[in-house]
Every structure is written in structure tokens, then in C-alpha cells.
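The values are calculated or read from the model by the stated rules, or taken from the named source; none is laboratory data. Only a predicted model underlies this, so the values are computations on that prediction, with no experimental measurement involved. Because the Cβ atoms are built from the backbone with ideal geometry, glycine has one as well, and the counts that use them run over all protein chains shown.
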Amino acid sequence: MAPISSVEYLSNPLVTSNQLLDLKNSERDNGLSVRFAQAQLTSAAGILLRLPQEVIAQAIVLLQRFWVSSRPEDREGFSPKTFSAATIYLAAKLSATPVAPRSVVNVYAYLTSKASPLLFVNPQGAPTDPDPADYYVSEGTYERERQRLFVCESVVLVGIGFDTRVALPYSLALTYIQVLGVSSASLARRVFEHLNAGLLSPQLLHLTHQPHALAVAAIYVAARETGIKLVEQNWWEVFDVDREDLGFLVLAYGSLANFAEAEAKKWKGIALSLD
Amino acid sequence: MSRPGTSLSIAQQLRKTTQLGLEEAARSLDKKHVGNNYTSKVKIGQKYNIIGFISSGTYGRVYKAVEKNPRSDPSSPVGSAAPKELYAIKKFKPEKEGDNVQYTGLSQSAIREMSLCTELSHPNLVHLAEIVLEDKCVFMVFEYCEHDLLQIIHHHTQPTRRPIPATMIKSILFQLLNGLYYLHQNWVIHRDLKPANIMVTSSGHVRIGDLGLARLFHKPLSSLYSGDKVVVTIWYRSPDLLLGARHYTPAIDMWAVGCIFAELLSLRPIFKGEETKMDSKKTVPFQRNQMGKIVEILGLPRRENWKGLADMPEYPQLQSLVVSRSGMPGGLYPNPPTSMNRGGSGGGANNGSGLETWYNNCLRHASYPPDKSPGQRGFQLLSELFEYDPDKRLTAERALHHEYFRNTDEGPHKGEIWVSNNCFEGLDEVYPHRRVSTETNDIGTGSLPGTKRGGLPDDSLLPAAKRR
């Protein structure tokens, strides 16, 4: 793995091409769909748990690191849903806003029940009048799920080699648009929307590129979409991003909407189980 | 320096020992039976022989251990096994179950320490060999360091007081600052520097240990203060913390370095205050006694020299300290006239005279030979570390370039900042090996009998007599 020479705490460990190949080879046909759905589930759970976006983002990146740095058989032990729950629990525990295991279990029970608003769980959409009994967690179920959560937490920690620090692009992006002199609420919003969407991308953008590159690409796409004119020159070079990386990421951010639509079409009327 | 880019490869190293365990965990799940514990096939007891118990603290216990089957060099002749390496295994106390507090998985501080330790790597930080997860227990396996500063200081008081050689102090301090500079550069504050946490290997290398309280400070989302209320053992706590600083800075570590420097010179803690315990309302009390000890030597902090002083939460308490002191004969407020003539001394210190007197007394008692004395440069360094204003206090980087570390010996490096990385270099003194107790060698994952502090206490020199 190539050493990184930039400031340590602005950068993340990156995936090697071998790890990416291994992941690709070990994944079943709908691997991309499962990872896309799992990231959405994690994001939704984080929102219901009222966690800050940074914690949610950390959880998703840890989940992605676990995918690439663990062996396939390590990933068999638990369902994608439990891995999602364990990482959000872990990320919250390390943040300033920890959540109780009971809250996590309740939220995941709700999000995977018949009452869930998530389309891949309920392709017909959530019922208008959901029955609370559908997502009620009995004491026995809670006890079992809680234990499962703790074991899964350990498995994740071992899988990622106990390295739980994640550098995120959000504050960098804000700084960059200020530096570029185009800071505005609408642009910042669009940049954040792209950064948040990028977390859901099955392309594991946070493992292939450093935060500064993600920030630059999100700004590039967002500025184009909101019609904000940036300086003429190759401004991304100022932020140490070359044209090739920028091109890749711009495509990744730009194509995510299409990918999401294709996924929706593919799973129309079919539930994708993460259990 | 370690790069984040290598973290995943560290992950692989660490995983070597736990992979088998994962298979077992996965198998037990196949049988539709989820164990309540994370099961690891490589048990700590199978890989390491526990030689003895070293110390315990609020986090858990530390054991001395040796690897059972070190990977011997296959090319070496039969019978000459590789020398067995020693390790210090830190076992985190399992979070208590029952007692209202429910088990919540691995503890936050353990995960934080593991995360920091896997990423950080520096010759002056204690080296982490591996992490073993077993049931609900975390074992961190560190390289073994034969000495720590507490023990070295203690050795110099027995049977009579003998000063620590000036060259050794210089080397220890330089290595300590070097490790700290690395931590601070990586946005980590140690928060619990004290002699007991500073290890020294038998080859004289200094290793900063116990990152259990260390925190990242590059992005304090919520006040660091509210997270874990009290940090830094009281004798080494900086005035900004004592006065209630909410957002503290690496400067608190630098104050602790000053305290350690002073303790290496005088062989006793310089500000040995008594801790005021938290009251029933769980509010953090003002540490009046500790602040008083500092004021006794350094004089009162002044608003002219410390811009934010009046805004400190406990500033009114400091005022009351003034009132209670001014009545005393020779009180420090208003300043006695003698301290007006402090000449060129003091550097940035607010009231150098008290410290200068302390320092000169200290050197006199130690009776260093004139050519081997910490000298006035040592005093300069100390006074700049004991700067009241955290913004003006010496940083680790500037401290490393301090004149104190300039080499004055004849030789190729004369006139450069040149300090040996072996603090025992040129010394005949033999330091006793770390005492380990063999009574409690059970490192099992069961509940710990008596997690009360025993052995080497974390924050007190007093029971030193008991350890003999």
C-alpha cells in the first residue's frame, strides 16, 4: 500500500486493488445491491437515532472498510443488517453522542419491519396505517439481538484492525468553497448532498480517494448543477487533485442518481432481504 | 512515522491471531446458536506465559508475559531457540454487568486506545505488538519496558538521596518531548503524563505509555471537558485545567512535562497538592490546595501575563485564594519587594523568583559537578514550561530546540542540538528490574477479584515504601 505523505489526520487508509478484486470475486450477483441497500439502512437508522451526519458517515465508511479488509467467511457470521447495526452502534459509542443498544435494536426492528419506509424492504411502500405490533421488540428478542450486536461489534473491530478513525470531507469542502470565493448556502447544500449520496455509492469512494479529492469533486459537480461559475483555471490542482481523479469522482457522483434509479427498477416489487 | 496508508496492513497483522477465532464464531452461528461472547480461538493464555502481575488501575491490570512459542528462525541450529521476548499485557477490566450498569460492549476508552495505538508509531511511544479479543475482554500486548520514571526516581531516593545524573535527565526529557511532539503533531493530547506512565527500556530508550486517556483534539465537537470530567493526575494538572478550562490544548501536556522535569531534579513532585474529592452533586470542585501549591512557588498568575485569566470559570475562586493568602506574613500578594529584582531570569515565567529559588536550592542539594549541571539553561526551560498562559507555554516543538539541549561537549556535534537516545549512556548505575508479583497470575477472562488499586498505584508516590 502506498504511503500517504499528506497531513495524517486529513487522510484515510485506502483500499488496495487486490482487496477490491477479492471483494468483487467473493460477492454474489446482487452484492452491489446489498451494499447499496445496507448503506441506505445505516443512513436511515442514523437519522432515526438522531445521530449527526458525521457519525453516520463514519459508520458507513467503517462498514465499507470491513467489507474489504475481512475475509468472505468472516462476513458470513452475521446478516448485513446486523453489521450495519454494529457499525452505527460502534461509531456512536466513539462519538460525543453514544446511543443505547436498546435504541439501536428498536430502530433496526422498525426499519426492517412491514412498517418500514425503506423501499427495498417494502417495495409497495410503507402502509399508511402501520401496526405497531409489526416492529415491537419483545424482551427475549431484545436480549438476543443485543448479544448479537456485541459479538458483531467485536467481529467488525477485528476485521478493520481496530482502526476506527475516519477523516471526512465535509469541513474541507466548506473551506474549499470559501477559498474559491463562491460560498453560498445553496452551493454548500448541494455539495453536502453529493457527499452524503457518495457514501451510499457501492463504488466505495471513501476507500479509493482521500477526503480532499471527494470534496473537490463534489464542489465541481454541485457548482455545475447550480450554475455557479468557478475560476477558469484548473482550480482543483490547487487542492492537490489531478484531472484523472477528478474525472473519475465527478462521474461517480454524477452517475449515482442513475444507479439508484436502476436499482429501484431492478427491485421493483421484490423485497431485498438484509436479514 | 506511521502513515494512515499502512493501517490496513497493520489490520492484517493483527488479524493473524484472531482469524481462527472468527471462524469459530461463524461456525457457532451456523448452528443457529449465537454465543453471548466473542470467541477467539487463540487465547491469550495459550500464546503467552504470564510471569507476573505488574500493576493495576481503573482501566484494568497489567501483566508481564513471555511468548510461549516465539517464531524461531528456521535457519538457526536446533536447540538454539530465539530469545524469548517479554511483553506487558494490559487487560481491560470487563465492563461491569449488573449493578444497574448494563454491559454495553467493549468500552469506549478501550476502543479509543486501540484505535490510537494501531495508528501511532514512534520510537518514543510504547509499541503495541497485538490486540487479542477474548469473550468480553480486551488484551493489548505491548513491548515490555523494564523501568519507568517513577521507579527510577524512587531508586534514587533509596537508601539515600542521590541526584539523577544531569545527562540522564537531559536524555529522558528530550526523548519525552520527542514522543510528545509526535503525538501533538498527530492531534493527540496524552492528558495523563506522569512519571508512572513514562517507561524506559533496559537500553535507555524512553517510551510514553498509557494512551488510555489520550484524545484527538483536532475537532472537538463537544467540549472535551464534558466528555470525561477530570483528567490528568492532580500533581501534574496545569493551572488552566485547575481554573476550569473547557477547551484545553496540548499545553496541558507541556505543563506535565515541566512537573516531570522538576521531579527528576528534586526527586519529589514539585506541586504535591491534595485532591479535593468530588462532592455528592458530582460537580467538579476547585482544587484549591493544588492551585495553592503552584502559587507558592510560581506566584500568582497575573492578568497582564495571561490574557484569558479573568475569563476562566474558576477565576473568582483564585481571587479568594488571594484574599486568604494576603493576610499571611510574607504573602505573595501583593508581591514582596524581593521579587521585583529578578533581573534577566524568568524568561516567560510570570514570577520567576520563586521558581528560581526553588531551582537553585534544588541544584545546591543535588551538588552537581559544575561541568555536569543542568545549569541556567535548565532553569530557562523549566520556567518556560511553567508558563501560566497556555497560549504562551512552550510547545513540544520549540522545547526540542531549546538551548538546554545544545551539546557543549567537545566532539563532532558540539554546538548542535544533540542528545543521546540512551538515557543510561555512560552511567555505571544499575537500575533494579521491575518488581512483579507472582501471586495473582490469573489472567483469565472471569471477573476480577478486587479491581481496587494495588501494586504500583497510578497517582501516588506515597505507598512506595509498601512496595519494598
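Observations on the model:
- Qualifying residue in the stretch A:16-23 (condition: within 9 Å of chain B (Cβ to nearest Cβ) and over 14 Å from the mean Cα position of the chain (by Cα)): yes
- Scanning the stretch B:280-319 for residues that are of a type in the set (Asp, Glu) and more than 17 Å from B:Ala245 (Cβ to Cβ) yields B:Glu296, B:Glu304.
- Flag for A:Leu230 being hydrophobic (A, V, I, L, M, F, W, C), part of a helix (DSSP H, G or I) and outside the structural domain of A:Ala92 (by TED's automatic domain parsing): no
- Highlighted here are the helices (runs of 4 or more DSSP H) found entirely within the stretch B:233-299 that include at least 2 residues which are surrounded by fewer than 21 Cβ atoms within 10 Å (Cβ to Cβ) and touching a Gly at 6+ places or on another chain (Cβ under 9 Å): B:288-298.
- In the stretch A:121-165, residue farthest from the other protein chains (Cβ to nearest Cβ) [restricted to those that are among the small types (Gly, Ala, Ser) and in contact with a helix residue (DSSP H, G or I) (Cβ under 6 Å, 6 or more places away or on another chain)]: A:Gly159
- The residues on offer are A:Ala213, A:Ala188, and the sole one that is surrounded by 22 or more Cβ atoms within 10 Å (Cβ to Cβ) and at pLDDT 95 or above is A:Ala213.
- Any hit, the stretch A:41-53, residues being under 15 Å from the mean Cα position of the chain (by Cα), free of Cβ contacts under 8 Å to residues at least 12 places away in the same chain and more than 14 Å from chain B (Cβ to nearest Cβ): yes
- One residue from B:Thr118, B:Thr157 being surrounded by 22 or more Cβ atoms within 10 Å (Cβ to Cβ), touching a Leu at 6+ places or on another chain (Cβ under 8 Å) and hydroxyl-bearing (Ser, Thr, Tyr): B:Thr118
- Within the stretch A:192-214, the set of residues being farther than 19 Å from A:Phe259 by Cα and under 8 Å from the mean Cα position of the chain (by Cα) is empty.
- Answer residue from the stretch A:63-120, given it is hydrophobic (A, V, I, L, M, F, W, C) and not in a helix (DSSP H, G or I) and is farthest from the other protein chains (Cβ to nearest Cβ) among those: A:Leu119
- Some residue of the stretch B:391-412 being touching a helix residue (DSSP H, G or I) at 6+ places or on another chain (Cβ under 7 Å), buried (at least 16 other Cβ atoms within 10 Å of the Cβ), within 20 Å of B:His156 (Cβ to Cβ) and assigned by the TED database to the domain that holds B:Leu177: no
- With respect to being of a type in the set (D, E, K, R), more than 16 Å from B:Ala366 (Cα to Cα) and under 20 Å from the mean Cα position of the chain (by Cα), B:Glu146 fits the description.
- Qualifying residues in the stretch B:121-138 (those that are farther than 21 Å from B:Val200 by Cα and either within 10 Å of another protein chain (Cβ to nearest Cβ) or of a type in the set (D, E, K, R) (or both)) - the one surrounded by the most Cβ atoms within 10 Å (Cβ to Cβ): B:Leu133
- Test: residue in the stretch A:170-181 that is within 11 Å of another protein chain (Cβ to nearest Cβ) and within 22 Å of the chain's Cα centre (by Cα): yes
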